[in-house]
Every structure is written in C-alpha cells, then in structure tokens.
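> Just passing along the structure, written as structure tokens.
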C-alpha cells in the first residue's frame with residue numbers, strides 16, 4: 001500500500017493546502033466556530049467523512065487502506081477536527097442500521113454515574129458536534145453543545161458531562177464490534193496514519209530550518225552532530241510510516257488487534273523522538289507561538305496520548321507473540337498485506 005499516490009490522497013492534499021492553513025488551524029484552536037464549520041463543510045462536500053460507510057448506505061465503501069493516505073495528509077496539515085473518529089463512528093452506526101448524525105463525531109468511552117448521568121474524556125471534544133459514547137455495553141450519540149465541558153490536557157480535548165435526562169433522551173444503541181476489537185483498536189491505525197503524516201511534515205520543516213539557519217558562517221545542517229540527529233530522526237519517521245501503512249492494510253473499515261498494536265506503538269515511540277529532535281534543532285525559536293512547528297508537535301502529543309500509550313500496545317503485541325506457537329516472523333507474515 002502506498003499512502004502517497006492515489007486520487008483520494010491527492011484530492012485531500014489539494015483541499016487541505018487551501019482550506020487548512022496554519023492561520024485557519026490557529027483560529028479553530030482559538031475557538032472560532034465559523035472557521036470550523038467552513039472547514040468541515042468542505043470535507044463533507046468532498047465526501048471524505050463517509051468514506052468508510054458502505055456504498056448501499058450512501059458512503060464510498062472504502063477500507064482502511066484506501067483512507068490512510070488521506071489521513072496522513074490531514075496529519076501533515078495539523079488537521080484540527082476529528083475526521084478519523086467521524087469516519088469510524090459513521091461506519092459503525094451505518095453497519096448497525098442507525099442514523100448518522102451530521103457534523104463531526106468524536107468517539108469516547110464514558111462512565112455512568114450513580115445519578116444516571118454520563119461523563120467522558122473526549123479527544124477533539126472542543127470542536128466536535130457530537131460524541132458516540134460507549135458506556136459498558138450501551139452506546140449513546142450525545143450532542144457536545146449541550147454538555148458541561150471543561151478543559152482537558154490538550155487544547156482540543158475536553159471532559160464532558162451529560163445529565164441523566166439528556167442520556168435518556170438520546171436513547172441506548174447497540175453496536176456490535178467485530179471479534180477482538182474495541183474502540184482503541186478501531187481508532188489506533190487511523191491515528192497512526194495521521195501521526196505518520198505529521199511526523200513527515202515535522203521532518204521536512206526541521207531539514208529546511210537546518211539548511212537555512214547559519215551559525216559560525218555555515219548552515220547548522222553541515223555540523224556532524226546535527227546531521228546525526230537528523231539521520232536518527234529520519235529513521236524514526238520512516239519506520240513509523242511503514243508501521244502506519246501496515247496498520248491500515250485492510251479492505252474493510254476494521255484492522256486486526258495486532259495491526260493496531262504495531263502501528264500505534266511504533267508511531268507513539270517515533271513521535272516522541274521526532275518531537276524532541278525537531279525542537280532541539282530549532283532551538284529557542286521552536287517553542288515560540290509564532291513558529292508553526294508547535295501546531296504539529298502539539299497535535300502529535302495529543303494523538304500519542306489517545307487510543308492507548310505505547311506501553312499499552314506493547315502489552316497487546318507481547319500477548320499475541322506469547323500466544324503464537326511459531327516464530328515471530330511467522331506471526332508478522334500472518335497479518336493482512338504482508339509478503340509471504
């Protein structure tokens with residue numbers, strides 16, 4: 001699978017270059033709803049949001065492999081809206097025969113409180129229109145505009161609370177996930193695809209800065225220590241890209257659990273290394289608000305913390321390896337899309 005050369009990826013790249021500039025991202029993060037609605041309108045008009053919904057239900061009927069490149073482009077532009085969650089959420093609802101809400105849809109696990117209310121940490125909840133919340137075996141589609149929201153760790157995330165009346169009005173949905181899958185598994189490969197795109201953009205910016213920034217009469221990229229940092233950073237970025245591609249090799253909207261583990265664990269590790277090197281090479285200017293680098297590195301940190309940390313996914317991969325009777329290579333060869 002190539003995440004670069006296909007019509008959907010190219011179309012997304014052209015749209016995002018015009019509609020998801022650094023200025024627009026800053027406005028949306030700053031709480032400008034008009035900018036968010038306009039950007040999402042373009043995504044809807046292009047048909048991207050229903051890409052994983054079956055054709056007979058009004059979607060494009062694509063699989064993970066076909067949307068991975070589009071999401072990598074989103075990552076490269078620090079896309080501030082929860083497109084990946086919307087893709088999965090709409091596919092799940094359509095698959096179960098439920099109506100799909102308009103607008104952006106975030107996914108989260110919630111907790112039912114004693115008074116019948118529900119609370120959840122919603123990644124992207126500050127800019128999402130509604131949330132598909134899993135509470136034990138029940139699911140609820142709840143509007144975020146009517147929830148009590150407070151800030152959470154990252155700028156676009158929130159902790160949301162819905163009263164018992166709101167939860168009852170929304171009703172309970174039954175969604176059946178494929179065997180062995182949960183919300184983390186569903187979200188991880190798509191987040192990994194976005195992370196791989198963001199890391200590629202961070203690497204490109206860092207290489208450009210190292211070639212332009214002069215110190216002692218020559219570009220800092222000419223110094224061996226900096227070259228070594230950039231070489232290691234490149235290894236992390238391209239290995240993450242390969243892992244993200246492997247995680248998305250599926251003709252359906254659903255990955256395997258091991259695919260998700262490999263993709264998210266490697267991208268999480270690589271993201272931290274890429275962020276550290278990028279800011280080290282940029283020096284003091286790298287942490288200023290004026291430089292667009294932080295739009296990407298903050299988004300990477302948020303995605304890294306979402307849908308399972310690297311230690312969580314290392315455990316999943318380790319359990320799969322221990323349960324496999326053969327060689328590690330045989331286990332990897334059993335994954336969809338690998339060369340036998």
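> Residues in the range 9-41 that are under 22 Å from residue 94 (Cβ atoms) and either outside any helix (DSSP H, G or I) or touching a helix residue (DSSP H, G or I) at 6+ places or on another chain (Cβ under 7 Å) (or both): how many?
The qualifying residues number 1.
> Within the range 74-98, can you find the residues that are assigned to a loop (DSSP other than H, G, I, E, B) and more than 24 Å from residue 39 (Cβ to Cβ)? Full working, then the answer.
To start, the set of residues in the range 74-98 that are assigned to a loop (DSSP other than H, G, I, E, B) comprises 77-82, 96-98.
96, 97, 98, listed by residue number.
> Same structure, new question: Give 225, 160, 240 a once-over and let me know the one that is crowded, with 19+ Cβ neighbours inside 10 Å and not assigned by TED's automatic domain parsing to the domain that holds residue 116. Reasoning before the result, please.
On the way: 225 fails: crowded, with 19+ Cβ neighbours inside 10 Å; 160 fails: not assigned by TED's automatic domain parsing to the domain that holds residue 116.
That would be 240, the only listed residue that is crowded, with 19+ Cβ neighbours inside 10 Å and not assigned by TED's automatic domain parsing to the domain that holds residue 116.
> Can you name the residue in the range 165-177 that is touching a residue at least 40 places away in the same chain (Cβ under 8 Å) and exposed (fewer than 14 other Cβ atoms within 10 Å of the Cβ) and, of all such residues, is farthest from residue 260 (Cα to Cα)?
Going through the qualifying residues, I end up with 168.
> Follow-up. Among (1) assigned to a loop (DSSP other than H, G, I, E, B); (2) touching a helix residue (DSSP H, G or I) at 6+ places or on another chain (Cβ under 9 Å); (3) under 21 Å from residue 26 (Cα atoms), there is one condition residue 125 misses while meeting the rest; what is its number?
That leaves (2) as the condition not met.
> Can you tell me which residue among 52, 71 is assigned to a helix (DSSP H, G or I), buried (at least 23 other Cβ atoms within 10 Å of the Cβ) and either on the phi < 0 side of the Ramachandran plot or touching a strand residue (DSSP E or B) at 6+ places or on another chain (Cβ under 7 Å) (or both)?
Selected residue: 71, the only one of 52, 71 that is assigned to a helix (DSSP H, G or I), buried (at least 23 other Cβ atoms within 10 Å of the Cβ) and either on the phi < 0 side of the Ramachandran plot or touching a strand residue (DSSP E or B) at 6+ places or on another chain (Cβ under 7 Å) (or both).
> Further, regarding this structure: Condition (residue is touching a residue at least 60 places away in the same chain (Cβ under 8 Å), buried (at least 24 other Cβ atoms within 10 Å of the Cβ) and under 23 Å from residue 166 (Cβ atoms)) applied to the range 77-85: is it met by at least one residue?
Looking for residues that are touching a residue at least 60 places away in the same chain (Cβ under 8 Å), buried (at least 24 other Cβ atoms within 10 Å of the Cβ) and under 23 Å from residue 166 (Cβ atoms), one finds at least one in the range 77-85, hence yes.
> Check off (1) crowded, with 23+ Cβ neighbours inside 10 Å; (2) touching a helix residue (DSSP H, G or I) at 6+ places or on another chain (Cβ under 6 Å); (3) closer than 27 Å to residue 31 by Cα for residue 100 and give me the number that stays unchecked.
The number of the failed condition is (1).
> Could you run through the range 100-113 and say how many residues are part of a loop (DSSP other than H, G, I, E, B) and under 24 Å from the mean Cα position of the chain (by Cα)? If you could, list the steps in order and put the result at the bottom.
Pass one, the range 100-113, residues part of a loop (DSSP other than H, G, I, E, B): 100-104, 113.
Now restrict to residues that are under 24 Å from the mean Cα position of the chain (by Cα): 100-104.
Of the residues in that region, 5 qualify.
> If you scan the range 294-309, which residues turn out to be farther than 15 Å from residue 155 by Cβ and either exposed (fewer than 14 other Cβ atoms within 10 Å of the Cβ) or modelled with pLDDT of 90 or more (or both)? Reasoning before the result, please.
First pass over the range 294-309, keeping only residues farther than 15 Å from residue 155 by Cβ: 307-309.
Within the range 294-309, just 307 meets the criteria.
> Six or more apart or on different chains, Cβ atoms under 7 Å: show the pairs whose first residue is in the range 283-295 and assigned by TED's automatic domain parsing to the domain that holds residue 214 and whose second is surrounded by 12 or more Cβ atoms within 10 Å (Cβ to Cβ) and part of a loop (DSSP other than H, G, I, E, B).
Correct list of pairs: 285/291; 295/78.
> Conditions first: (1) assigned to a loop (DSSP other than H, G, I, E, B); (2) on the phi < 0 side of the Ramachandran plot; (3) touching a helix residue (DSSP H, G or I) at 6+ places or on another chain (Cβ under 7 Å). Residue 116 passes all but one, so which condition is the exception?
Condition not satisfied by residue 116: (2).
The values are calculated or read from the model by the stated rules, or taken from the named source; none is laboratory data. What you are looking at is a predicted structure, and each value in this text was computed from that prediction instead of being measured. Ideal geometry is used to build each Cβ from the backbone, glycine not excepted, and the neighbour counts take in all protein chains shown.
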